[in-house]
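Comments concern the structure below.
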Amino acid sequence: MLPLLRPGAWLCLQPMTDQRVPVLLYDGTCSLCNGFVRLLLRIDAGGRMRFAPLQSAPAQEFLRSEGLPTESFESLVFVPDWNSRAAGARLLRTDGALAAFREIGGAWRAVSWLRVLPAIMRDPVYRMVARTRHALFGEFKPSPLGNPDWEKRFIAR
(Lines give C-alpha, C1' and ligand atoms only; values in the text may rest on other atoms or scores of the structure.)
Protein backbone atom coordinates (compact mmCIF):
# COMPACT_ATOMS: atom_id res chain seq x y z
CA MET A 1 0.00 0.00 0.00
CA LEU A 2 1.34 3.44 -0.86
CA PRO A 3 2.31 5.49 2.22
CA LEU A 4 -0.13 8.27 1.34
CA LEU A 5 -2.96 5.76 1.13
CA ARG A 6 -2.36 4.36 4.62
CA PRO A 7 -5.31 5.09 6.92
CA GLY A 8 -4.56 8.28 8.83
CA ALA A 9 -1.43 9.04 6.75
CA TRP A 10 -2.70 12.52 5.91
CA LEU A 11 -2.42 13.37 9.62
CA CYS A 12 1.31 12.65 9.79
CA LEU A 13 3.90 15.31 9.02
CA GLN A 14 6.72 12.98 8.00
CA PRO A 15 6.96 9.38 6.85
CA MET A 16 7.84 6.81 9.51
CA THR A 17 11.40 6.55 8.14
CA ASP A 18 12.13 10.21 8.87
CA GLN A 19 15.34 10.47 10.90
CA ARG A 20 15.14 14.17 11.77
CA VAL A 21 15.43 15.21 15.41
CA PRO A 22 13.17 18.25 15.95
CA VAL A 23 14.03 20.24 19.08
CA LEU A 24 12.11 22.94 20.90
CA LEU A 25 14.19 25.38 22.94
CA TYR A 26 12.18 27.10 25.67
CA ASP A 27 12.65 29.38 28.69
CA GLY A 28 13.38 26.95 31.52
CA THR A 29 12.39 29.47 34.21
CA CYS A 30 8.94 30.23 32.78
CA SER A 31 5.89 28.35 34.08
CA LEU A 32 3.95 28.98 30.87
CA CYS A 33 6.82 27.66 28.73
CA ASN A 34 7.26 24.57 30.91
CA GLY A 35 3.51 23.98 30.77
CA PHE A 36 3.68 24.10 26.97
CA VAL A 37 6.56 21.58 26.98
CA ARG A 38 4.62 19.26 29.28
CA LEU A 39 1.58 19.51 26.99
CA LEU A 40 3.76 18.58 24.01
CA LEU A 41 5.25 15.66 25.96
CA ARG A 42 1.73 14.34 26.69
CA ILE A 43 0.34 14.70 23.18
CA ASP A 44 3.43 13.58 21.22
CA ALA A 45 2.55 9.88 21.21
CA GLY A 46 5.32 9.14 18.72
CA GLY A 47 7.95 10.74 20.95
CA ARG A 48 9.45 12.75 18.08
CA MET A 49 10.10 16.07 19.79
CA ARG A 50 13.15 16.78 21.92
CA PHE A 51 13.49 19.71 24.30
CA ALA A 52 16.09 21.90 25.98
CA PRO A 53 15.89 25.04 28.10
CA LEU A 54 17.31 28.13 26.41
CA GLN A 55 19.59 28.48 29.44
CA SER A 56 21.28 25.09 28.82
CA ALA A 57 24.75 24.77 27.27
CA PRO A 58 23.56 23.17 23.98
CA ALA A 59 20.88 25.83 23.52
CA GLN A 60 23.28 28.66 24.36
CA GLU A 61 25.76 27.36 21.76
CA PHE A 62 22.95 27.18 19.18
CA LEU A 63 21.73 30.71 20.00
CA ARG A 64 25.27 32.11 19.62
CA SER A 65 25.74 30.30 16.29
CA GLU A 66 22.47 31.82 15.02
CA GLY A 67 23.16 35.33 16.34
CA LEU A 68 20.13 35.12 18.66
CA PRO A 69 19.96 36.65 22.16
CA THR A 70 21.58 34.48 24.83
CA GLU A 71 20.15 36.26 27.88
CA SER A 72 16.70 37.63 26.96
CA PHE A 73 14.33 34.71 26.38
CA GLU A 74 11.17 36.20 24.91
CA SER A 75 10.87 33.57 22.20
CA LEU A 76 10.87 29.84 21.96
CA VAL A 77 13.03 28.41 19.18
CA PHE A 78 12.01 25.43 17.06
CA VAL A 79 14.90 23.65 15.31
CA PRO A 80 13.56 21.27 12.60
CA ASP A 81 16.61 18.97 12.76
CA TRP A 82 19.07 19.24 15.63
CA ASN A 83 21.49 16.78 13.97
CA SER A 84 21.62 18.65 10.68
CA ARG A 85 21.42 22.33 11.53
CA ALA A 86 21.58 24.66 8.58
CA ALA A 87 22.14 28.35 9.29
CA GLY A 88 18.80 30.07 9.68
CA ALA A 89 16.88 26.78 9.87
CA ARG A 90 14.90 27.71 12.94
CA LEU A 91 11.49 29.15 13.70
CA LEU A 92 10.70 31.68 16.42
CA ARG A 93 7.61 32.76 18.37
CA THR A 94 4.29 31.62 16.88
CA ASP A 95 6.00 30.05 13.86
CA GLY A 96 7.95 27.82 16.26
CA ALA A 97 4.93 26.89 18.39
CA LEU A 98 2.84 26.05 15.32
CA ALA A 99 5.70 24.03 13.83
CA ALA A 100 5.85 21.99 17.06
CA PHE A 101 2.14 21.14 16.74
CA ARG A 102 2.63 20.30 13.07
CA GLU A 103 5.56 18.05 13.94
CA ILE A 104 3.54 16.09 16.48
CA GLY A 105 0.84 15.48 13.92
CA GLY A 106 -2.42 13.74 14.59
CA ALA A 107 -5.38 15.93 15.45
CA TRP A 108 -2.95 18.52 16.89
CA ARG A 109 -1.69 19.24 13.40
CA ALA A 110 -4.91 21.19 12.86
CA VAL A 111 -3.58 23.86 15.26
CA SER A 112 -0.70 24.46 12.84
CA TRP A 113 -3.22 25.69 10.27
CA LEU A 114 -3.19 28.99 12.16
CA ARG A 115 -0.07 29.75 10.16
CA VAL A 116 -2.40 30.88 7.36
CA LEU A 117 -2.64 34.05 9.42
CA PRO A 118 0.48 36.13 8.79
CA ALA A 119 3.02 36.28 11.63
CA ILE A 120 2.53 40.04 11.70
CA MET A 121 -0.95 39.31 13.07
CA ARG A 122 0.06 36.44 15.39
CA ASP A 123 3.34 37.63 16.87
CA PRO A 124 2.19 40.85 18.61
CA VAL A 125 0.00 38.77 20.94
CA TYR A 126 2.89 36.34 21.47
CA ARG A 127 5.25 39.24 22.31
CA MET A 128 2.76 40.73 24.77
CA VAL A 129 2.38 37.42 26.60
CA ALA A 130 6.15 36.84 26.47
CA ARG A 131 6.83 40.20 28.14
CA THR A 132 4.36 39.54 30.95
CA ARG A 133 4.58 35.74 31.32
CA HIS A 134 6.53 35.78 34.59
CA ALA A 135 4.08 38.22 36.17
CA LEU A 136 1.06 36.31 34.85
CA PHE A 137 2.21 32.73 35.37
CA GLY A 138 5.09 33.02 37.81
CA GLU A 139 8.50 31.43 37.83
CA PHE A 140 8.68 27.70 37.18
CA LYS A 141 9.15 25.52 40.22
CA PRO A 142 10.71 22.23 39.09
CA SER A 143 8.60 19.17 39.71
CA PRO A 144 8.80 15.55 38.55
CA LEU A 145 7.68 14.84 35.01
CA GLY A 146 4.42 12.93 34.64
CA ASN A 147 6.17 10.01 32.97
CA PRO A 148 9.75 8.88 33.78
CA ASP A 149 10.37 8.07 30.09
CA TRP A 150 9.92 11.74 29.20
CA GLU A 151 13.29 12.56 30.75
CA LYS A 152 14.96 10.87 27.74
CA ARG A 153 13.30 13.44 25.47
CA PHE A 154 15.43 16.30 26.83
CA ILE A 155 18.80 16.99 25.21
CA ALA A 156 19.59 19.11 28.27
CA ARG A 157 17.84 20.11 31.52
Exercise. Would you grab the residues whose amide H sits under 5 Å from the one on Leu145? Only those 5+ places off in sequence or on another chain, please, with H modelled 1.01 Å from N.
Key: none
Quiz item: How long, wide and thick is the stretch 66-139, going by the Cα atoms along their three principal axes, in whole angstroms, largest first?
Solution: 32, 29, 24
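In Å², and per residue, what accessible area does the chain have when probed at 1.4 Å with the other protein chains present?
Values: 9060 Å² over 157 residues.
Result: 58 Å² per residue.
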Quiz item: Roughly speaking, what is the stretch gain from Glu139 to Ile43, that is 0.36 nm per residue apart minus the C-alpha to C-alpha distance, in nm to one decimal?
Solution: 32.2 nm
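Reported to two decimal places, what Rg/Rh ratio describes the chain when computed on Cα atoms with Rh from the Kirkwood expression?
On the way: Rg = 15.7 Å, Rh = 16.4 Å.
With Rh from the inverse mean 1/r over Cα pairs, Rg/Rh is 0.96.
Using only the heavy atoms of the protein chains and a 1.4 Å probe, how would Leu136, Leu145 rank by accessible area, largest first?
On the way: Leu136 115, Leu145 30 Å².
Ranking Leu136, Leu145 by accessible area, largest first, yields Leu136, Leu145.
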Quiz prompt | Computed lengthening from Ile120 to Arg157, 0.36 nm per intervening residue step minus Cα-Cα distance | solution = 10.1 nm
Practice problem: Hey, can you grab everything whose amide H is under 5 Å from the amide H of Gln55? Only 5+ residues off in sequence or another chain; H modelled, so Pro and N-termini drop out. | Solution: Gly28
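Listed highest first by mean packing, meaning other Cβ atoms within 10 Å per residue, what order do 54-67, 120-133, 28-41 come in? It would help to have the intermediate numbers written out before the result.
On the way: 54-67: 15.7, 120-133: 13.6, 28-41: 18.9.
Averaged packing, sorted descending, gives the order 28-41, 54-67, 120-133.
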Self-check item: Nonlocal amide H pairs with Phe154, under 5 Å, H built at 1.01 Å
Solution: Phe51
Self-check item: Heavy-atom accessible surface of the chain: percent carbon and sulfur, 1.4 Å
Solution: 62
Exercise. Calculate, axis by axis, the spread of Cα positions in the stretch 16-55 along the three principal axes, and write the results as whole Å, longest axis first.
Key: 35, 20, 7
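The values are calculated or read from the model by the stated rules, or taken from the named source; none is laboratory data. What you see is a predicted model; the values in this text were computed from it and never measured. Positions of Cβ are generated from backbone atoms using ideal geometry, with glycine treated the same way; all protein chains shown enter the neighbour counts. Keep in mind that these areas ignore ligands, DNA and RNA; they rest on the heavy atoms of the full protein, side chains included. Shrake-Rupley method; radii C 1.70, N 1.55, O 1.52, S 1.80 Å.
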